[in-house]
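Working notes, structure below.
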Amino acid sequence: MATKTTATKKPFDFWIFITILILLSMGIVMLFSASAPAAYTYKNDIYHFLKDQLLFAFVGFIAMFVAMNFHYKKLAKLAPILLVICMVLLILVLVPSIGYEANNARRWLRIGRFTVQPSEMAKLALILFLSSSLSRRKDQLQYFFRGLLPYLVVIGMVAGLIVVEPHLSATIIILIVSSIILFCAGAKIRHFVIMAVPAVAGLGIVVAMNEYMQKRLFSFINPWSDLKGDGWQAVQSLYAIGSGGLFGRGLGKSLQKFLYIPEPYNDFIFSILAEELGFIGVVTVMLLFLVLVWRGVKVAMNAPDTFGCLVAVGITSLITVQVLLNIAVVTSSIPPTGVSLPFFSSGGTSLLFFMTEIGILLNISKYSKYERI
Amino acid sequence: MSKPGMQTKKRLLVLLGAYTFLTFLLIIRVGWIQFVQGSELQRLAYEQQSRSRIISPRRGTIYDRNGIALAVSASVDTISAFPKELQDSGADLEAVAEKLAELLDMSKEEVLAKISKNSPYEYIKRKVEPEVGAKVRAWLQEAKIVGITVDEDTKRYYPKRNLASHVLGCVGTDNQGLEGIEKAMEQYLKGLPGRILSEVDAKGRQIPFNRERHIDPQDGYNVVLTIDETIQYLAEKAIEKAIVDNKVLKGAVAIVMDPNNGEVLAMASKPDFDPNSPFRPLHIDDATWNSMSMEERENAIYSTWRNKALADTYEPGSTFKAITASAGLEEGVITPESRVNDFTVTVGGHRINCWKPNAHGEESFAQGLQMSCNPVFVRVAQDLGIDRFYKYMRAFGFYDKTGIELPEADIIIHKRPTEIDMAVASFGQRFKVTPLHMVTAYCAIANGGTLIRPHLVKEITDNEGNVIKKFEPEIVRQVISKKTSDTMRKLLQDVVTLGTGSRAYVPGYRVAGKTGTSETETSDIDGRYVASFMAFAPADNPRIVVLVALDHPDVYPHTGGIIAAPVAGKLVEDILSYLQEERVYTEKDRKKLAEDVYVPDVRGKTLKEAESILREAGFEYRIEGDATNKDITVKEQTPKPETAIPRKSTIVLYTYKPDENDMVVVPDLLNKTVDEAVAILKGLGLNIKVNGEGRAYRQNYQQGSRIPRGGLVEVFFMDPDEADLE
Ligand SMILES: [Zn+2]
């Protein structure tokens, strides 16, 4: 950090800021609409989920502003420590007396009345660690054992701790985002191909041996075959999207949110959006996310250094991959897995981290350089 | 730190391209779901999101001809459960069952069983009073119970209970017509059901803020009957009394029809039922009912539902002679004055005699009808021949259904009649028609010769009183000429005035009629007779045709002339006086009426005053108690004031309150002559009212009853041969 950069300090990327403001506003409105019936039924307070989301959005804004003004280069040094802290927390989560268990999974740590997911933090920590390390050792990447393998080991360790929680979707996201960072850092395509072969084979074996996974796979292929069981969510989601049409039923007018879709304020909030705002609303939201991708990639391109570049692409990808996976799941385009929709789904920890990540991205954008060196 | 190189930037562009591509792929995917699969998905979604409830339409009212409501629909509530929803809500089923049981007057176990079921929908109790429904609604709201609903429903009420029950019929639990006019006029009465469409959440609860869509039900139309409630009431009371008086075992029928337009004014059939609870026959007591098997109960229910006026057939017997006579007069084979005789006639080896032993001998045809001589009518039929005789049978409508709105029994009648068939048919035997057939044929005889289709429905109206449809009288055909009809009216009036129908005589009302007694050949009981009387009045301008038929009277004598004619006569009298028909008395009527006087009220008066009142009125009297002091007041008198008694009766005056010692035991007067009966009763200090001539066959107080001294005993006499009258 001591070295002076050639980049001059500029205002942050206004596109990203505005896009996030719009997405978050839409997200909060949709969350209120989607959660009201369930909130009323189970909590006897239609504002129950809205209140939490507003609180975390507020805290998230503070975090975003702090991160925006925190020089990202300092993160490079903090990265290894953050990663170690995350690993410790991920191990703690697995300890029965400490980790908070819900739905047969230990993913949470309790802090007061709130729960936090260390896996959310781990995603960021891993992005920072990989970016920081790769920015220094980029040239080694062409060697498999010397270059790539150590990273695979670190990624594997983090992914391993999360997959045993179990938290399959977070594991998948970490693997994809890590691969993207490695790819952008210049890992050899050949190595990806070599890794893909055992990965696909491994996945095949896991699916063949795991009845639970097979069921989910089958219910994905024909959700109507098991309407009251595994197919229920998928079918209800399709009903919601299909009911939307071009203009939707109108804001607040979803019928599927009335307990047909379980927890419509979580992973399936996009279906409610599609039902209430129609195809127009869907395209608007997806184009807004695309603006974010475009600006994020631009920040990465114009980053003054490799660390900033990789962090920017890592953060952009983290958000984009989750958006794509979420929409693919709710449209029954891929087998179901629990991925939330950034800035829309309820969930304090993830919103806090997304806002922090946007703050980092905005901070990097301040140092954009346009001249090629 | 190194700077991002060219390779990194290229790969970033690849990544941007991939993200963009995937985003558009998913946009297309959403578009596919929304536009290609959209309508089908929306339909499936709507199926689960909406619940439609039927609102029953209000069934039309059934009125009598004067606008008196005979069948009305009242709003009630139906309580039902969505058991799964109730169970999912986590409500305490025991507590819910207990409260509902209390509100609905049911057993807790019964309610609990229904709400614990694994079914989507369950009736708890149907058709409860609106007050009860309101209580349940209030409780549901207060206790925040979901999964139990109170829906509006309608219930059929018959305010006149069993009055005209066979005409009205009844409805089932879904208010669908099961019997009678309720069934026949279903298309007009039922209306169109409406629907409530509401959107519900996954637990089946109505979604707040979403409007229910109401499709209003269309109320049914009202049916206005030709029945006159008062005449119906008179007819029912008449046969109810006749059933008791004559120990009638198989029920009775009375039909009253307007001969000029075919409107049925009354149609009474017994036993009957209360359409408010059609599945519990009225004439069976609780103990018997509880001891009956399901099958026996079913039979009992269906037998009470049976409208004997048109669902049962009977042999018309001698009432049919009017049809034979009409045919003979129309065809000119006979005139009222023709000399005939009633000596035995032999047809195909069967000997047919007059009911009177030794026969009446030579007489006019009019007398033959008055005396109901069978051989006279066999000869008329023979003179007509099979073709012409049966042509008239057909013309009078006996080979067809009458065409009334209700289902009619199949008639049992000769397909290829032989000489003997015709011979017995001439006096109404060995074929079966419905009572309504006979009434319809008599209407033609009475109205100038036109056969008119009988009908029960006058018009269909809506709730604003507009007439939707009017049912006009429907002329079937001209059967006999006006001239023949006129002759028949006179002949049949003479049957009542001079002949076997005398017990149907009503002073001033010119009753015409014919007796009928027939043994039912298919009967499982020996000696099962149908005693009937066909009447119409006034004979010169008939307003009503009346049939009274008693099925299996368990008395002797059991002939139509003796037991059915008085019932029909009394009924004609009651109806015509209700219709304010003016009485035209003959000289003989006046003399006969003058024989009866009304007892004055002398109670509370002194003996002196009482004696002068009674003497002035021409009564004989006797004083019981202290007669020396003429200032003592009369404590009691028999007969009671306002009783009509023969002029020569003796009034008994008591100066004290009469007690047991003043009671007289009524003797058995059976087979006594008029003079003997008068002597016996006078001797006991009783008064007598003589009805008819000949030998006593009935008395109003049974032998052994105790009545006060001076009481009036009514005794009925007949010619002993009359017991054999057919
Ligand atoms: Zn004779």
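The values are calculated or read from the model by the stated rules, or taken from the named source; none is laboratory data. Please read all numbers here as calculations on a predicted model, not as lab measurements. We place every Cβ from the backbone using ideal geometry, glycine too, and count neighbours over all the protein chains shown.
Just one of the listed residues (B:ASP631, B:ASP675) is over 25 Å from B:ILE613 (Cα atoms), without any contact (Cβ under 8 Å) to a residue 60 or more places away in the chain and among the charged types (D, E, K, R), and it is B:ASP675. Annotation note: of B:SER52, B:SER73, the sole residue that is surrounded by fewer than 14 Cβ atoms within 10 Å (Cβ to Cβ) and not in a helix (DSSP H, G or I) is B:SER52.
Does A:LEU288 satisfy the condition of being hydrophobic (A, V, I, L, M, F, W, C) and crowded, with 23+ Cβ neighbours inside 10 Å? Considered against the rule, which asks whether it is hydrophobic (A, V, I, L, M, F, W, C) and crowded, with 23+ Cβ neighbours inside 10 Å, A:LEU288 comes out as no. Remark: B:VAL150 falls outside the filter, which requires a residue to be at pLDDT 80 or above, within 20 Å of B:VAL264 (Cβ to Cβ) and away from chain A (no Cβ under 14 Å). Only one entry in B:VAL224, B:VAL150, B:VAL167 is in contact (Cβ under 8 Å) with a residue 12 or more places away in the chain and over 30 Å from B:LEU234 (Cβ atoms), namely B:VAL150.
For B:ASN307, indicate whether it is over 20 Å from the mean Cα position of the chain (by Cα) and either polar (S, T, N, Q) or modelled with pLDDT under 90 (or both).
no
The single condition among (1) part of a strand (DSSP E or B); (2) within 16 Å of the ligand (Cβ to nearest atom); (3) hydrophobic (A, V, I, L, M, F, W, C) that B:LEU265 does not meet is (2). When we screen A:LEU318, A:LEU287 for residues that are within 10 Å of another protein chain (Cβ to nearest Cβ) and either charged (D, E, K, R) or assigned to a helix (DSSP H, G or I) (or both), the only hit is A:LEU287. Checked against (1) touching a strand residue (DSSP E or B) at 6+ places or on another chain (Cβ under 7 Å); (2) within 14 Å of chain A (Cβ to nearest Cβ), B:MET106 passes all but a single condition, namely (2).
Quick one: which strands (runs of 3 or more DSSP E) sit completely within the range B:637-702 and have at least 2 residues that are more than 23 Å from B:ALA627 (Cβ to Cβ) and not hydrophobic (A, V, I, L, M, F, W, C)? I'd like the intermediate steps shown before the answer.
On the way: elements: B:644-646, B:650-654, B:663-665, B:687-691, B:695-699.
The strands (runs of 3 or more DSSP E) meeting that bar are B:687-691, B:695-699.
Only residues that are under 30 Å from B:GLY368 (Cβ atoms) and surrounded by fewer than 13 Cβ atoms within 10 Å (Cβ to Cβ) were counted in the range B:466-493, giving 2. B:VAL333 meets all of the listed conditions (1) away from the ligand (no atom under 15 Å from the Cβ); (2) closer than 24 Å to B:THR520 by Cα but one, namely (2).
Do we find that B:ARG43 is among the basic types (Lys, Arg), out of contact with any strand residue (DSSP E or B) (no Cβ under 9 Å at 6 or more places or on another chain) and more than 7 Å from every other protein chain (Cβ to nearest Cβ) in this structure?
On the way: among the basic types (Lys, Arg): yes; out of contact with any strand residue (DSSP E or B) (no Cβ under 9 Å at 6 or more places or on another chain): yes; more than 7 Å from every other protein chain (Cβ to nearest Cβ): yes.
Yes, satisfied.
In this structure, does B:LEU436 turn out to be more than 16 Å from the ligand (Cβ to nearest atom) and surrounded by 24 or more Cβ atoms within 10 Å (Cβ to Cβ)? So B:LEU436 passes the test. Are any residues in the range B:382-432 within 19 Å of B:GLY262 (Cβ to Cβ), in a loop (DSSP other than H, G, I, E, B) and among the basic types (Lys, Arg), and if so, which ones? Residue satisfying the conditions is B:LYS401 alone.
The condition (being away from the ligand (no atom under 16 Å from the Cβ) and either away from chain A (no Cβ under 14 Å) or closer than 24 Å to B:ARG477 by Cβ (or both)) is satisfied by just one residue among B:LYS321, B:LYS401: B:LYS401. Considering only residues in the range B:347-370 that are of a type outside the set (Gly, Ala, Ser) and touching a Leu at 6+ places or on another chain (Cβ under 9 Å), the one that is farthest from the ligand (Cβ to nearest atom) turns out to be B:PHE365.
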